[in-house]
Amino acid sequence: MRILIIGAGGHAQVVADILLRMREAGSPVEPVGYVDDNPDLGGQQRLGLPVLGMVADVSAIPHDSLIVAIGDNKTRQHLFECLQKQGEVFAIARHPDAVIAPDVTIGAGTMICAGAIVNPGSIIGVDVILNTGSTVDHHNHIDDHVHIAPGVHLGGDVGIGEGTLVGIGAIVMPQRRIGAWSIVGAGALVHADTPDHVVAMGIPARIRRHLPGDEGQGE
């Protein structure tokens with residue numbers, strides 16, 4: 001399966017590395033390269049893979065599936081949905097060193113990094129990032145376009161709303177719900193439910209400000 005990577009930045013190189021490790025482990029995947037709208041990147045090599053053009057060139061590049069490898073959740077969602085409307089198919093990048101229970105559901109276009117753990121009964125939406133060393137305990141429900149940053153720990157039966165960023169090293173206690181398009185700050189301890197479109201920070205996490213409904217989140 002020939003996989004084209006959308007984006008050529010640092011996050012895209014992590015995705016490329018996952019795909020290369022999958023191939024080494026015997027998975028029938030073949031990363032063919034990147035596309036990126038930065039014209040200065042054209043023709044460059046990243047982890048031995050070429051930057052083949054811009055996003056508009058996708059249809060002209062032979063491939064079987066895509067992964068949108070951009071950290072900003074809103075940008076990733078936009079590209080995912082636009083490419084989906086064009087009939088594109090999305091692959092899953094799952095590092096061989098990730099531990100995933102057999103009954104876990106994983107949506108198209110999701111990336112699961114080295115050291116991530118997802119326990120039984122969990123549902124992972126489309127276009128999600130489960131970053132390095134994050135843990136998702138039993139019966140979590142992570143909605144589409146979420147980014148679970150490195151070292152995050154989610155207790156059992158946690159819900160994360162669409163497009164939310166849970167920052168590096170944050171902890172979410174069991175049975176808590178975090179709303180859509182929110183940001184949980186690095187190192188926060190979430191012990192109570194939070195609504196949509198907020199920034200929650202601290203130990204314990206408290207709402208520090210409200211976000212406009214169309215604001216995205218990055219890495």
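Observations on the model:
- Scanning segment 48-78 for residues that are assigned to a strand (DSSP E or B), closer than 20 Å to VAL126 by Cα and among the hydrophobic types (A, V, I, L, M, F, W, C) turns up LEU66, ILE67, VAL68.
- Scanning segment 76-91 for residues that are crowded, with 17+ Cβ neighbours inside 10 Å, touching a residue at least 24 places away in the same chain (Cβ under 8 Å) and either among the β-branched types (Val, Ile, Thr) or within 18 Å of GLY163 (Cβ to Cβ) (or both) turns up ARG76, GLN77, LEU79, PHE80, LEU83, PHE90.
- If the condition is being on the phi > 0 side of the Ramachandran plot and not charged (D, E, K, R), then segment 155-195 contributes GLY163, GLY169, GLN175, TRP181, GLY187.
- Complete set of residues in segment 15-42 that are part of a helix (DSSP H, G or I), surrounded by fewer than 24 Cβ atoms within 10 Å (Cβ to Cβ) and touching a His at 6+ places or on another chain (Cβ under 9 Å): ASP17, ARG21, MET22
- Number of positions in segment 50-71 that are surrounded by fewer than 20 Cβ atoms within 10 Å (Cβ to Cβ), farther than 11 Å from GLY7 by Cα and of a type outside the set (Gly, Ala, Ser): 6
- Of all the listed residues (ASP157, ASP137, ASP193, ASP143), the sole one being under 22 Å from HIS78 (Cα atoms) and either modelled with pLDDT under 95 or charged (D, E, K, R) (or both) is ASP143.
- One residue stands out in segment 130-155 among those that are β-branched (Val, Ile, Thr) and crowded, with 24+ Cβ neighbours inside 10 Å: the one that is farthest from PRO120 (Cα to Cα), namely VAL146.
- Annotation: of all residues in segment 180-209 being under 20 Å from the mean Cα position of the chain (by Cα) and surrounded by fewer than 17 Cβ atoms within 10 Å (Cβ to Cβ), the one that is farthest from ILE168 (Cα to Cα) is ASP196.
- Within segment 118-127, the only residue that satisfies the criterion of being in a strand (DSSP E or B), over 13 Å from the mean Cα position of the chain (by Cα) and buried (at least 18 other Cβ atoms within 10 Å of the Cβ) is VAL118.
- For segment 172-182, the criterion of being modelled with pLDDT of 95 or more, part of a loop (DSSP other than H, G, I, E, B) and out of contact with any Asp or Glu (no Cβ under 8 Å at 6 or more places or on another chain) is met by at least one residue.
- Test result for HIS147, touching a residue at least 12 places away in the same chain (Cβ under 8 Å) and out of contact with any Pro (no Cβ under 9 Å at 6 or more places or on another chain): yes
- Scanning segment 103-117 for residues that are out of contact with any Phe, Trp or Tyr (no Cβ under 9 Å at 6 or more places or on another chain), over 15 Å from ASP157 (Cα atoms) and either surrounded by 23 or more Cβ atoms within 10 Å (Cβ to Cβ) or among the polar types (S, T, N, Q) (or both) yields MET111, ILE112, ALA116.
The values are calculated or read from the model by the stated rules, or taken from the named source; none is laboratory data. These numbers were taken from a predicted model, which means no experiment stands behind them. We place every Cβ from the backbone using ideal geometry, glycine too, and count neighbours over all the protein chains shown.
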